Amino acid sequence: MRIISLHASIVTLAVTLAAWPAQSGSIITPGLEWEDTNGSPINAHGGGVMYHDGVYYWYGEYKGDFTYRSPGVGWDCYRTEAGGVSCYSSRDLCNWTFEGIVLEPDTVDTHSDIHPTMVIERPKVVYNDRTHQFVMWMHIDNHNYGKATAGVAVSDTPTGKFRFIEAMRPNGQICRDLTVFKDDDDQAYLIYSSEDNATLHIARLSDDYLKPTAHYTRNFPNGFREAPAMFKRQGKYYLVTSGCTGWDPNEADLAVADQVMGPYTPMGNPCRGVDADKTFYGQSTFVIAVEGTDQYVMMLDRWNKRDLIASRYIWLPFEWSDGKPSIPWRDVWAPNTACRAAR
Ligand code: GAL
């Protein structure tokens, strides 16, 4: 009897695994192709997730399907045409519905900061409760990353369309990889690699979130950290960053502070398991605080630099032991959302 049921379980497992060519259902399988609810691969790289009125919105770089090397640039400057910013929605963090390109590239004006020949990376969206607007910040660059600016766009709804306002250097400072963090007191902060990627700046945004204020701090001077992702847990601020090796993976670092603008104390690499020293061949982009739970989900991009649209997503939950965070590798896991109930 037990042998029969064991056999049945193995058959069921084999059939189930065979039916999983990609990520699906109520689980997350880090690193596998992830399809939206229409069966198309999710195209939202370098992204971030915003929770609003019971729905998670995932915004990311919409990569073109042709990767090329920027002509005349000495380093590994692989890119696709800038396809704008995509948005997907979900109630469970597992099943994502494509909401469209919510910030369209400007294909008409060849001088536009969001023309397809430019670089639009790492979009992040926050809701402003005072102005009732959704504000998107993103890294805007030119073909050789020499422009090094932050771009801002707004929309009245989470699914756009967003209206591009401007690209600027915050306080006249270089800006490349960036994220935005909204604190419990509704102040928001722009966190960006500055000083030619040597130093990470944290600038407080204006009350409408549309401009950086003059109030900013310099973090990890000459530390060359990028790909910032911030979250807050039990009154402490955590900042995950990568090193600076372009599309190639390196070791992550996690730092902690009592104040949002620092000073941040490095805690070392939070990743655990095989290839932890290479961040599982991924790079940080955002941490999702799962609504109503104590779960925090690290979003990483596993870049495929010669075929950028085929880059994969690695999402892994933090673990806490004696107040210390870590990110152990998992082949499969389920978020603490209404995932299973929703299906
Ligand atoms: C990385 C950065 C990516 C992208 C890439 C271009 O350092 O994190 O977002 O800009 O460089 O080479």
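Do the conditions hold for ALA188, that is, is it buried (at least 19 other Cβ atoms within 10 Å of the Cβ), touching a residue at least 40 places away in the same chain (Cβ under 8 Å) and closer than 17 Å to GLY60 by Cβ?
Answer is no for this residue.
In the range 193-249, which residues are outside any strand (DSSP E or B) and either away from the ligand (no atom under 16 Å from the Cβ) or among the aliphatic types (A, V, I, L, M) (or both)?
ALA198, SER206, ASP207, ASP208, TYR209, LEU210, LYS211, PRO221, ASN222, GLN234, GLY235
Give me the strands (runs of 3 or more DSSP E) completely within the range 269-322, filtered to those with at least 1 residues that are crowded, with 16+ Cβ neighbours inside 10 Å, ordered by residue number.
Because the criterion is at least 1 residues that are crowded, with 16+ Cβ neighbours inside 10 Å, the strands (runs of 3 or more DSSP E) in the range 269-322 that meet it are 283-289, 296-302, 312-317.
Just the residues that are touching a residue at least 24 places away in the same chain (Cβ under 8 Å), acidic (Asp, Glu) and touching a Ser or Thr at 6+ places or on another chain (Cβ under 6 Å), please, taken from the range 269-328.
ASP301, ASP307
Regarding MET138, is this residue within 16 Å of the ligand (Cβ to nearest atom), open to solvent by 20 Å² or more (accessible area, probe 1.4 Å) and either modelled with pLDDT under 95 or among the hydrophobic types (A, V, I, L, M, F, W, C) (or both)?
Here the answer is no, as MET138 does not meet what is asked.
Which pairs have Cβ atoms under 8 Å, sit 6 or more apart or on different chains, and link a residue in the range 167-179 that is within 12 Å of the ligand (Cβ to nearest atom) and modelled with pLDDT of 95 or more to one that is of a type in the set (Ser, Thr, Tyr) and in a loop (DSSP other than H, G, I, E, B)?
Correct list of pairs: ARG176/TYR145.
If LEU178 satisfies all but one of (1) closer than 24 Å to ARG233 by Cβ; (2) open to solvent by 20 Å² or more (accessible area, probe 1.4 Å), what's the number of the condition it fails?
If we test LEU178 against (1) closer than 24 Å to ARG233 by Cβ; (2) open to solvent by 20 Å² or more (accessible area, probe 1.4 Å), just (2) comes out false.
Which count do you get for residues in the range 92-121 that are more than 19 Å from ASP141 (Cβ to Cβ), out of contact with any helix residue (DSSP H, G or I) (no Cβ under 9 Å at 6 or more places or on another chain) and polar (S, T, N, Q)?
Residues in the range 92-121 being more than 19 Å from ASP141 (Cβ to Cβ), out of contact with any helix residue (DSSP H, G or I) (no Cβ under 9 Å at 6 or more places or on another chain) and polar (S, T, N, Q): 1 in total.
Out of THR12, THR80, THR107, I need the residue that is of a type outside the set (Asp, Glu), open to solvent by 30 Å² or more (accessible area, probe 1.4 Å) and at pLDDT 95 or above. Which one?
Unique residue meeting the criteria: THR107.
Among ARG69, ARG91, which is basic (Lys, Arg) and more than 15 Å from the ligand (Cβ to nearest atom)?
ARG91
Just need a number here: residues in the range 162-192 that are touching a Cys at 6+ places or on another chain (Cβ under 8 Å) and not in a strand (DSSP E or B).
1
Any residue in the range 214-225 that is open to solvent by less than 90 Å² (accessible area, probe 1.4 Å) sitting within a Cβ distance under 6 Å of a residue that is part of a loop (DSSP other than H, G, I, E, B) and not hydroxyl-bearing (Ser, Thr, Tyr)? List the pairs, counting only those 6 or more apart or interchain.
Listed pairs, sorted by first residue: THR217/MET261; THR217/GLY262; ASN219/GLY262.
The values are calculated or read from the model by the stated rules, or taken from the named source; none is laboratory data. What you see is a predicted model, and the numbers here were worked out from it, not measured in a lab. Please note: Cβ atoms are built from the backbone with ideal geometry, for glycine as well, and neighbour counts cover all protein chains shown. With ligands, DNA and RNA removed, areas are computed over all heavy atoms of the protein, side chains included. Shrake-Rupley method; radii C 1.70, N 1.55, O 1.52, S 1.80 Å.
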